[in-house]
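Novice: The structure under discussion is supplied below as structure tokens; questions concerning it will follow.
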Amino acid sequence: SIPGPLIRVRSGTRVRVRIVNHLDSLPLFVHGLHSHPATEDDTVQVAAGDTRDVEFTAGEPGTYFYWASTAGETIEQRLGRDSQLSGALIVDPGFIACDEPVSALDVSVQAQIVNLLSRIRRERGLA
């Protein structure tokens, strides 16, 4: 899809992405669909009309950008259709670490913090 879909996973998740090039005569060069920080060349080339499956393990938590071009140009050189070939990869942490004591806070503030952490843990399936 254009723009590319948002991919959101927990750190350590095995990510499988299928890239389909629906362009009739142009190859697609995809950058950024890899574990972060990068450990290898991240460019995936997909010939016109072809499909490629990409697999990697989500690395460090953060927000990352992936993008593609049809002529192998840099991200700064993309124009027209190519400028829309991009998406985001969000890697969430696998756990929440709280390193500040809350015991000195007012009881109502303590309850708010505990409730917030419980909600985040429940919504994101964290430990």
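Just so it is clear, none of the values below were taken in a lab; they were calculated from the coordinates. No experiment lies behind these values; they were computed from the predicted model shown.
Novice: Just to check I understand the Karplus step: with θ = phi - 60° and J = 6.51 cos²θ - 1.76 cosθ + 1.60, what whole-Hz values come out for segment 49-64, glycine and proline as x?
Specialist: x, 8, 10, 10, 9, 10, 9, 7, 9, 4, x, 4, x, x, 10, 10
Novice: Quote the relative contact order of segment 8-56 in percent (integer), defining contacts as alpha-carbon pairs under 8 Å separated by 6+ residues. Write out the running numbers ahead of the final one.
Specialist: Details: 75 pairs, mean separation 24.0, N = 49.
Averaging sequence separation for qualifying contacts and normalising by length gives 49 percent for segment 8-56.
Novice: If each residue of separation counts as 0.36 nm, what is the full-extension length gain between VAL54 and ASP24 once their alpha-carbon separation is subtracted?
Specialist: Numbers: separation 30, 0.36 × 30 = 10.80 nm, distance 2.14 nm.
Length difference between fully extended and current span is 8.7 nm.
Novice: Quick one: length gained pulling ARG122 to ILE90 fully straight, 0.36 nm per residue minus the C-alpha distance? Intermediate values should be presented prior to the final figure.
Specialist: On the way: separation 32, 0.36 × 32 = 11.52 nm, distance 1.82 nm.
So the extension gain works out to 9.7 nm.
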